[in-house]
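Worksheet: one structure, shown below.
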Amino acid sequence: MKSTIMKLSTMGRIILLFLIIIPLTLFAQKEVTWDYPINPETKEWSNLKSYDERLNAYNIPGDILENMSTAELVKTCLAYPEFRLIMTRNSLQEGYGYLKSIFNGFEELEKREDIGNQLINEYRKLNPVDVQAYDKLVEQGRFVFRFTYLEILLAQRPLLLSMSNNTKKELLELSISNYEGKLNLPEYYASFGLETSSLVLGRLLDTDKYQAYISMAEGDECLRKFIDSSILYDKSSLSAIVNLAKNYKNQLKNE
């Protein structure tokens, strides 16, 4: 097993570790209303006999969920202990749909009108080059997957539709910058890391009905499929989206 892992690329080893070896909390929680009080470190956990029971134990009680601030809810969702299950479906989008079906925090997240600002607050803290500060593969993986988790949330249409124009402008700038930063570090992010940044940008162009994007998508089935499903059929779609996003960013600056 060890020799097989070592033959993989850095990104391949990171994904494999996260899928089969180490369920990790990637975002630290500080003073939040719900910190998953029943978890593998507690006695109550061993009394739960089935996997479904254990997944259900992570759900937030309704009365607590309704009274959580959006900032707290974001931190709680990002710290969801089984976020890695997003990788167990045919695509990240299908994986996110599965997460929504088993954890009530994500569904509530999409209902919050101020969710865009709160997610941007977390996104602002990340810089692709910071992965180089970590020596161990596990630590690098923690960092890389912070981008994956945050960006798949930011790419959800209900969240994008709720954002103000100023928030969208900042999201464009951050996502373009993060895409380019990852592009310069292929040994850590590879195509997989670029896809989520590009998906955020593409979904934003789509929800804003940016005409140049609409025109390109009409004649590019691979591009449309990527935006709809998050499954990449043509790598050239990534750079095409980023170039359109740069143009859209400049257009918004002039408005």
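For the pair LYS100/ALA133, report the inter-label distance in nm, with labels modelled 7 Å from Cα in the Cβ direction.
Roughly 3.4 nm, to one decimal.
The list (i) 1.04; (ii) 0.97; (iii) 1.36 gives values of Rg/Rh (Cα atoms, Kirkwood Rh), and only one came from this structure; which label was calculated from it?
(ii)
Could you state the per residue volume, in Å³, of the convex hull enclosing the Cα atoms of the range 136-194?
With only Cα atoms used, the range 136-194 gives 75 Å³ per residue.
For the range 2-253, calculate the relative contact order in percent as a whole number, restricting contacts to Cα pairs under 8 Å that are 6 or more residues apart.
Rounded, it is 18 percent for the range 2-253.
How many nm is it between the label spots at SER215 and ASN56, if each spot is 7 Å from the Cα in line with the beta carbon?
Simple spin-label model gives 5.5 nm for this pair.
Stretched out fully, how many nm does the piece from ASP63 to THR88 gain, at 0.36 nm a residue minus the Cα gap?
Length gained between ASP63 and THR88: 5.9 nm.
Report, in whole Å, the centroid distance computed from the Cα atoms of the range 63-85 and the range 89-142.
That distance is 11 Å.
Calculate, axis by axis, the spread of Cα positions in the range 33-126 along the three principal axes, and write the results as whole Å, longest axis first.
39, 34, 24
Under a Cβ-only charge scheme (Lys and Arg +1, Asp and Glu -1), can you give me the dipole magnitude of the range 168-214 about the Cα centre, in debye to the nearest 20?
Result for the range 168-214 is approximately 160 debye, rounded to the nearest 20.
Restricting to DSSP H runs of at least four residues, report the calculated mean residue ellipticity at 222 nm for the chain, -39500 (n - 2.57) per run over all residues, nearest 500 deg cm²/dmol.
-19500 deg cm²/dmol
For every other residue with a beta carbon closer than 15 angstrom to the beta carbon of CYS222, add +1 if it is Lys or Arg and -1 if Asp or Glu, then tell me the sum.
For residues surrounding CYS222, the net value is -4.
Ranked from highest to lowest mean number of other Cβ atoms within 10 Å per residue, what is the order of the peptides 71-79, 91-99, 37-45, 126-134?
71-79, 91-99, 126-134, 37-45
Quickly work out the LYS125-to-LYS225 label distance, labels modelled 7 Å from Cα along the C-beta direction, and quote it in nm with one decimal.
3.7 nm
So which lysines pass the test for LYS111, namely a Cα distance under 25 Å, with those fewer than 8 places away in the same chain ruled out?
Here the lysines satisfying the reach criterion relative to LYS111 are LYS30, LYS75, LYS100, LYS125, LYS168, LYS169, LYS209.
Where a number appears in this text, it was derived from the coordinates with a stated rule and is not lab data. Every value quoted in this text rests on a predicted model; they were computed, and no experiment measured them. We place every Cβ from the backbone using ideal geometry, glycine too, and count neighbours over all the protein chains shown.
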